[in-house]
Amino acid sequence: MDKQQTLKAACQSLGLIHTRNELETILHDAEENDSSYLDFLISVTDGEILYKQEKAKSKRIKEAGFPYPKYLKDFDLKFCKAISAKQFKQLSELTWIDGLYNLILSGPPGVGKTHLAIALGYQACEDGYKVSYTTMKSLIKVLRTEDIDRRSRAKVKRIYSSNLLIVDEVGYLPITAIEGNLFFQLVSDLQEKTSIILTTNKGFEEWTEFLGDAALATAILDRLSYRCDKIQIDGKSYRLENRKSFLDTEEKSNGKKKAV
Ligand code: ADP
Ligand code: MG
């Protein structure tokens with residue numbers, strides 16, 4: 001085995017994966033720049049640290065379970081009148097996660113609730129927080145089956161160890177008393193431990209209806225609202241306002257774009 005192969009094998013067993021993968025480039029750069037021993041070692045260790053941080057970040061994003069990526073930079077504040085630029089900055093800075101605050105985003109379909117929730121979750125993963133995303137429907141399924149299903153148990157465990165839980169689409173489907181109680185138990189357990197972002201198409205006054213129990217609705221809202229900001233996003237659907245089409249109209253084929 002030549003020296004480079006021996007060194008690569010040593011890097012492998014020491015877990016220095018970046019150095020193993022990039023050995024030729026690292027050596028070439030050091031010779032090119034006439035690096036001192038100290039600078040050379042610093043560049044090796046810096047490279048390893050960066051590589052491990054990037055890997056951990058990708059893992060956090062993958063394991064958060066987002067249905068698709070959404071980014072804060074793509075959120076058009078001009079379209080969303082409910083949030084001021086200052087509030088958006090505060091939301092993006094995520095210190096509210098350290099303060100264990102919750103965030104409730106409510107409003108009709110298409111106003112950007114899911115976009116904002118996922119984008120904040122993405123940013124949180126980037127910044128080192130552990131995040132779990134779920135719709136209310138799959139959360140209920142997971143809570144109902146955790147005693148009999150290993151994967152559900154793993155998801156619940158992950159939720160309990162997350163810094164931020166995103167529950168999307170709360171209130172779209174009515175839930176039974178048993179399911180409502182499971183949700184209440186989760187919200188109670190996470191209080192003072194995990195921040196929750198919840199998106200809903202229901203006003204607080206309608207929670208009794210979809211939970212089917214006034215006392216339970218009050219108890220859940222009481223826990224959620226203690227340290228919480230609620231943003232009511234009203235207005236038109238972004239989807240309808242920015243509808244895209246793929247069929248050619250006459251005007252489109254003449255070079256002018258027009259949605260059909
Ligand atoms: P909701 O969850 O409120 O039903 P979504 O977040 O799914 O709505 O938004 C619907 C679509 O419109 C998505 O593709 C989303 O990216 C886009 N959208 C909504 N609001 C905005 C906004 N303010 N800026 C940019 N895109 C938006
Ligand atoms: Mg949505």
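All of the numbers you see were taken from the coordinates with simple rules; none came from a lab. On a predicted model such as this, the values are computed, not experimentally measured, just so you know. For neighbour counting, all protein chains shown are included, and Cβ atoms are generated from backbone atoms with ideal geometry for every residue, glycine included.
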Charge dipole of region 3-63 about the Cα centre (unit charges at C-beta), most positive-ward option of Ile49, Thr25, Ser35 = Ile49
query = In whole Å, what three semi-axes, largest first, describe the equivalent ellipsoid of region 3-63 built from its Cα gyration tensor (square root of 5 times each eigenvalue)?
reply = 24, 15, 9
note = Taking placed amide H atoms and a strict 5 Å upper bound, the residues 5 or more places from Thr135 or on another chain that come that close are Asp168
query = Under a 5 Å amide H to amide H cut-off, with H placed in plane at 1.01 Å, what residues pair with Val111 once short-range neighbours are removed?
reply = Tyr238
message = Using 0.36 nm times the number of residues separating Asp74 and Lys57, minus their current alpha carbon distance, what extension gain do you get?
response = 4.1 nm
request  = Per residue of region 201-211, in order, report the coupling 6.51 cos²θ - 1.76 cosθ + 1.60 (Karplus, θ = phi - 60°) as ³J(HN,Hα) in whole Hz, putting x for Gly and Pro.
outcome  = 9, 10, x, 3, 5, 8, 5, 4, 5, 7, 8
Karplus-derived 3J(HN,Hα), 6.51/-1.76/1.60, for each residue of region 180-196, Hz, glycine and proline x = x, 5, 5, 5, 4, 4, 5, 4, 4, 5, 7, 3, 6, 10, 9, 7, 10
inquiry  = Give me, ordered by chain and number, the residues 5 or more places off Asn102 or on other chains with an amide H under 5 Å from its own placed amide H.
reply    = Ile196, Arg227, Cys228, Asp229
Pair Leu173, Arg239: separation of 7 Å Cα→Cβ label points (nm) = 1.7
inquiry  = With θ taken as phi - 60° and the coefficients 6.51, -1.76 and 1.60, list the Karplus ³J(HN,Hα) couplings across region 97-111 in order, rounded to whole Hz; mark glycine and proline as x.
reply    = 6, 4, x, 6, 7, 9, 9, 10, 10, 10, x, x, x, x, 8
ask   = Taking Cα centroids, how far is region 39-63 from region 77-100 in Å?
value = 29
query = If each Cα of the chain is one equal point scatterer, what is log10 of I(q)/I(0) from the Debye formula at q = 0.12 Å⁻¹?
reply = -0.83
key: Burial order of peptide ranges 3-16, 87-100, 200-213 (average beta-carbon count within 10 Å, highest first)   = 200-213, 87-100, 3-16
request  = For Lys81, list the aspartates and glutamates whose Cα falls under 14 Å from its own Cα; do not include residues on the same chain fewer than 8 positions away.
outcome  = Asp234
query = One-quarter of the Cα convex hull surface for region 37-127, in nm²?
reply = 8.0
